[in-house]
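Reviewing the structure listed below.
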């Protein structure tokens, strides 16, 4: 049986008709690991940390502080910071950034080597100032990801119940970006289930999703 997961939510969802995913990850830019732990105790799903860093120094400090979190994603406007995070496998996934643009072939290849995923978030399109530019950047990311076998994820980025994107709509979003239906479904499953498996076995220290 296929299972689908949304790994970029900013709130704890309730099981309902509007939430048709099997599992989720709630992501926030926590200020301390103590704050992270307190929130995680109230969250029946996984709890992730959005690392907001525009210098390598800040990235290293944040990655060290939250290295035992369930899931780490990087948000940065700086190309060199993104490349460094991928090269060192400091995070599980890289978020799209409108000012930085998408990944290039170097980053796509390194993401495949280090098993760092590219998160294609629906909210990044809805909230974009120049939506067509963001869509084109995401299409370019998909093209490179398919060429280099880079791990991809689809997510909603919902901040509340009203912003939840049904899984069939996210699958269609993936197809719009250039994925096949099978590849879109895979982007709602593969990386996410590796994270869930890692949490289940208590193995959190090393980031990067290993292929089997």
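Structure notes:
- Ranking of 194, 130, 65 by neighbouring Cβ atoms within 10 Å, starting from the fewest: 130, 65, 194.
- Working from the Cα coordinates of the chain, the gyration tensor eigenvalues give, after taking √(5λ), semi-axes of 22, 21, 17 Å in decreasing order.
- Three-way shape call for region 38-100 based on the alpha-carbon gyration tensor, with the a/c threshold at 1.5: prolate
- Shape category assigned to region 34-147 from the gyration tensor of Cα positions, a/c cut at 1.5: prolate
- The chain: most fluctuating residue of 141, 175, 132 per GNM, C-alpha cutoff 10 Å: 132
- For the chain, the antiparallel share of DSSP beta bridges with both residues in that region comes to about 10%.
- Packing here is the average count of other Cβ atoms within 10 Å per residue, and on that basis the peptides 152-163, 86-97, highest first, run 86-97, 152-163.
- Its alpha carbons give region 81-206 an Rg and a Dmax of 14.2, 42 Å.
Laboratory data are not the source of any read-out in this text; all were calculated from the coordinates shown. Computed from a prediction, not measured in an experiment: that's the story for all the values here. Cβ coordinates were reconstructed from backbone atoms using ideal geometry, including for glycine residues, and neighbour counts include every protein chain displayed.
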